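The block underneath contains the structure these notes are about, expressed in structure tokens.
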Amino acid sequence: MFALVDCNNFYASCERVFNPNLQNKPVAILSNNDGCVISMSDEAKKLELPFGAPIFKYEQFCKANNITVLSSNYPLYGDMSTRVMNILADFSPDIEVYSIDESFLKLDGFEKYDLSDYATKMRSKILKWTGIPTCVGIAPTKALSKVANKIARSNLKQSKGICVIDSEENRIKALKWTKIGKVWGIGSRLKKRLQEKGCETAYDFTQLPSDWVLKNFSIVEWRLQKDLQGISKIPLEDAITSKKMIATTRSFESTYSNIDDIKERISTFAASCAKKLREQKSNCHVITVFLRSNRFDKNQAYQKENRTVILSYPTDSTLTISNAAVEAVKTIFKKGIAYKKAGVIISGLVPNDNFQLNLFSHENPKHKPLMSTIDKLNSKFKTDKIKLGNQDLKRTWKMRQERLSPKFTTNIKDILIVKASQNH
């Protein structure tokens with residue numbers, strides 16, 4: 001059996017843990033630079049605030065409906081997520097952290113357990129230790145556990161946040177309840193193709209001939225269909241999938257016209273890419289840098305420039321990647337342009353223990369131990385204490401976060417102060 005544990009309205013729930021005044025009130029969380037709504041509480045959903053709504057268009061709507069709007073506080077959400085996942089690891093040795101707010105657990109050897117009772121203990125422990133509400137779906141396969149979780153979430157009062165699909169009757173009933181577009185892994189295009197075959201529910205999809213699904217779609221859809229039929233074909237993944245490309249792109253909190261400001265940003269973005277590259281134990285051959293002006297600015301023509309650099313040897317060194325990126329951006333920077341967005345994209349990735357050497361040029365051998373030491377120090381202090389000299393040493397991301405809540409669990413200056421009074 002598999003369990004899917006999903007945190008309810010995770011970002012809003014994290015904010016509520018440290019600000020109880022937000023309980024039972026509408027809350028909306030914004031994207032980077034306070035751009036658009038990316039998460040909200042159930043109360044805000046009932047007010048029909050759209051996901052992805054640009055906040056500058058919905059400012060009055062939020063005020064009129066008393067919706068509390070906050071900047072996204074990723075240090076807080078990341079720390080709370082780690083706490084939840086650590087608790088879940090006590091309930092099963094086989095766990096797949098699927099996203100910041102949900103995990104799959106494999107429940108092998110739990111045949112004699114009351115799974116509803118076990119799920120209740122999970123929810124209670126997470127709520128008591130972190131203050132985060134969750135829902136738990138349990139079923140014979142991962143896809144069915146997703147279905148079970150949606151059922152648990154759709155009617156909290158009746159389900160008490162738990163749904164267990166443990167019989168053929170329950171499986172069919174759950175699949176007939178699930179609309180085809182709500183099935184895990186079925187996007188808008190696949191939904192349209194399946195609807196053309198008469199599939200309106202997940203149950204209809206399971207009734208299609210498996211050979212036809214394999215012939216007309218792919219092995220991915222075939223596995224999904226088998227999973228929904230109760231035959232486990234989607235395994236628990238415990239390895240981090242290596243990316244084929246890594247990008248760090250950001251809109252600035254204001255426009256930049258000075259090359260030194262641009263170089264600092266590009267160096268910081270390149271350092272972020274290099275760090276991610278080392279985490280997945282890869283090197284890169286290609287670095288692309290881009291600059292964009294504000295396309296909504298009617299006072300200047302929209303400008304966008306790219307420059308790609310091919311390295312003569314693969315590298316994961318922050319020094320090498322940053323230097324190449326800064327040199328590239330100097331060639332596309334134009335005086336008089338107010339730039340609003342920039343980014344660094346690294347590609348041509350190869351494993352760091354298996355790549356073609358170059359007879360005439362190679363990485364400085366001092367870089368590997370230097371990068372390893374920097375990564376260890378930054379990991380130890382939970383932040384990027386060690387940076388390149390051309391980076392801004394006082395700030396991390398220069399994002400607009402005008403509605404940011406304190407970093408209650410990751411910054412000692414923001415820790416809650418409890419005042420106790422003496423009883424007389």
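The values are calculated or read from the model by the stated rules, or taken from the named source; none is laboratory data. No experiment lies behind these values; they were computed from the predicted model shown. With ideal geometry, Cβ positions are generated from the backbone for all residues, glycine too; neighbour counts draw on all protein chains shown. Surface areas here come from the heavy atoms of the whole protein model, side chains and all, with no ligands, DNA or RNA. Shrake-Rupley method; radii C 1.70, N 1.55, O 1.52, S 1.80 Å.
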Top positive-direction residue, dipole computed over the chain with Cβ charges, set TYR74, ASN390, ILE374: ASN390
Dimensions in Å of segment 25-111 - Rg and Dmax from alpha carbons: 17.0, 54
Accessible surface of GLU96 - all protein chains present, 1.4 Å probe, nearest 10 Å²: 10
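Mind checking the per residue accessible area of the chain for me, 1.4 Å probe, whole number of Å²? Don't jump to the answer; show the numbers that get you there.
Values: 23990 Å² over 424 residues.
About 57 Å² of surface per residue is accessible.
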For segment 208-221, 3J(HN,Hα) per residue [Karplus equation, 6.51 cos²θ - 1.76 cosθ + 1.60, θ = phi - 60°, Hz, x = Gly/Pro]: 5, x, 4, 4, 5, 4, 5, 6, 9, 10, 7, 5, 5, 5
Whole-percent carbon and sulfur share, accessible surface of segment 179-233, 1.4 Å: 48
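Run the accessible area of segment 9-76 with a 1.4 Å probe and give the carbon-and-sulfur part as a rounded percent.
On the way: 1640 of 3180 Å².
Ligands and nucleic acids excluded, carbon and sulfur give 51 percent.
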THR141 accessible area, 1.4 Å probe, all protein chains in place, Å² to nearest 10: 0
Rounded tilt (10° steps) of 142-154 against the dominant C-alpha axis of the chain: 80
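Distance cut-off 21 Å, Cα to Cα: go down the list LYS25/LYS125; LYS46/LYS173; LYS128/LYS157 and report the pairs above it. Could the numbers behind the result be given before it?
Values: LYS25/LYS125 24 Å; LYS46/LYS173 27 Å; LYS128/LYS157 19 Å.
Too far apart for the 21 Å limit: LYS25/LYS125; LYS46/LYS173.
Which loop-located GluC sites (Glu not before Pro) does segment 39-77 contain, where loop means any DSSP state but H, G, I, E or B and the Cβ has at most 14 other Cβ atoms within 10 Å? Don't skip to the answer; put the middle values down first.
Values: sites: GLU43, GLU48, GLU59; in loops: GLU48.
Taking segment 39-77 and a limit of 14 other Cβ atoms within 10 Å, the loop GluC sites (Glu not before Pro) found are GLU48.
Normalised by the number of residues in the chain, what is the relative contact order in percent for Cα pairs under 8 Å and 6+ residues apart? Walk me through the numbers before you get to the answer.
Numbers: 694 pairs, mean separation 64.5, N = 424.
Over the chain, the number comes to 15 percent.
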Pairwise centroid distance, computed over Cα atoms, of segment 68-102 with segment 315-389, Å: 29
Listed residues THR331, THR248, THR288, most fluctuating in the chain (Gaussian network, C-alpha, under 10 Å): THR331
Separation of the GLU59 and LYS304 label points, Cα + 7 Å toward Cβ, nm: 2.7
Between segment 117-161 and segment 259-304, the alpha-carbon center distance in angstrom: 41
Lysines with Cα under 16 Å of LYS304, excluding same-chain neighbours fewer than 8 positions away: LYS330, LYS334, LYS335, LYS340, LYS341
Cross-link table LYS191/LYS276; LYS63/LYS146; LYS179/LYS226; LYS106/LYS150; LYS191/LYS233, entries beyond 25 Å C-alpha to C-alpha: LYS191/LYS276; LYS63/LYS146
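Over segment 82-177, with every protein chain in place, what whole percent of the accessible area is carbon and sulfur at 1.4 Å, could you tell me? Kindly include the intermediate steps, with their values, before the conclusion.
Numbers: 2460 of 4960 Å².
Carbon-and-sulfur percentage of accessible area, whole number: 50.
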ASN364 versus ASN8: modelled label distance in nm, points set 7 Å from Cα along the beta carbon direction: 5.5
